[in-house]
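Structure record follows, encoded as structure tokens.
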Amino acid sequence: MNILKTHDELNAYRGTVRGTLGLVPTMGALHDGHMALVKAAREQCDTVIASIFVNPAQFAPHEDLDTYPRTLEEDIKKLESAGCDAVWAPGVEEMYPGDNMDSDIVPAAVSLPLEGEHRPHFFAGVVNVVSRLFDQVKPDSAFFGEKDYQQLQVIKHMVKDYDIPVDVIGVPIVRDENGLALSSRNRYLSAEEYEVAVHLNRILFAMAEKLRQGETIQDVKAEALLELQKAGFDSIDYCAVRDAETLLHSIHHPLRILAAVKIGTTRLIDNVGV
Ligand code: PAF
């Protein structure tokens with residue numbers, strides 16, 4: 001597998017690629033959710049590049065940029081065994097020369113609710129780095145996990161609004177044996193916190209079932225908020241039922257249930273389709 005760390009190395013490799021190219025953008029600390037992205041890319045594209053870059057532009061000053069897990073050696077081994085052809089792992093200077101993180105790309109309106117209200121810096125940082133990655137790697141398709149459901153919608157809007165010729169493909173959430181959505185941040189959870197964390201997916205799946213059976217969104221949400229509190233989450237940023245595409249309030253299907261909660265200092269997000 002080719003490990004590419006500079007623009008020169010990336011450009012030289014890109015010049016050798018024939019056929020379709022799939023990109024799997026990541027921030028490293030890879031788990032089976034990322035491997036599902038590589039697998040989907042492997043099935044659909046002739047060549048697969050994964051990128052590993054912990055993007056400072058999407059972290060607020062009080063967030064976990066400095067402590068975010070960095071496990072490059074292990075990540076490379078995992079990508080190699082998943083059949084990835086190359087890894088694009090630039091340093092910060094390579095991505096943001098002179099520390100200049102300015103960007104002309106503005107996230108679409110779908111970025112404003114939910115995560116946008118609680119992490120106002122986040123989607124500007126994501127579209128900044130993802131547009132740079134698309135420009136650098138020039139993939140035909142790019143693969144993103146549905147765990148970051150709103151991020152996926154924001155990136156789909158970005159390619160449409162800015163006429164970027166990349167097919168953005170969402171890959172279903174991978175869950176552990178207790179249904180917890182895999183996330184690089186799950187490694188922050190203590191054993192006791194994990195016991196609390198697994199309630200999140202159970203409550204969201206129960207909400208989906210109640211909605212299917214005709215209970216009102218208002219009732220289902222009120223019950224879920226009580227259950228989240230009872231389960232021991234320290235705070236609930238949101239637990240919402242929204243239109244699956246626009247993420248606006250709606251009673252029309254398809255709907256998506258999305259939630260963000262905190263246990264101690266760890267923030268978890270999850271979502272379920274209705
Ligand atoms: O989902 C992630 O890991 C990141 O937000 C992404 C898309 C790699 C951009 O840094």
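Read-outs: derived from the displayed coordinates by stated rules, not from any lab. Just so you know, these numbers come straight off a predicted model, no measurement behind them. Quick reminder, even Gly has a Cβ in these numbers, built from the backbone with ideal geometry, and neighbours come from all protein chains shown.
Residues in segment 16-71 that are touching a residue at least 40 places away in the same chain (Cβ under 8 Å), away from the ligand (no atom under 14 Å from the Cβ), assigned to a strand (DSSP E or B) and of a type in the set (A, V, I, L, M, F, W, C): LEU21 only. When restricted to residues that are more than 30 Å from TYR162 (Cα to Cα) and buried (at least 17 other Cβ atoms within 10 Å of the Cβ), segment 69-109 contains 5.
For segment 92-115, the set of residues classified as in a helix (DSSP H, G or I) and either of a type in the set (Ser, Thr, Tyr) or away from the ligand (no atom under 14 Å from the Cβ) (or both) consists of GLU93, GLU94, PRO97, GLY98, ASP99, ALA109, VAL110, SER111, listed by residue number. Taken together, VAL171, VAL241, VAL272 contain a single residue that is in contact with a helix residue (DSSP H, G or I) (Cβ under 6 Å, 6 or more places away or on another chain), under 30 Å from ALA108 (Cβ atoms), surrounded by 19 or more Cβ atoms within 10 Å (Cβ to Cβ) and free of Cβ contacts under 8 Å to residues at least 60 places away in the same chain, which is VAL241. Where helices (runs of 4 or more DSSP H) sit wholly within segment 117-235, those with at least 3 residues that are within 16 Å of the ligand (Cβ to nearest atom) occupy 122-137, 149-161.
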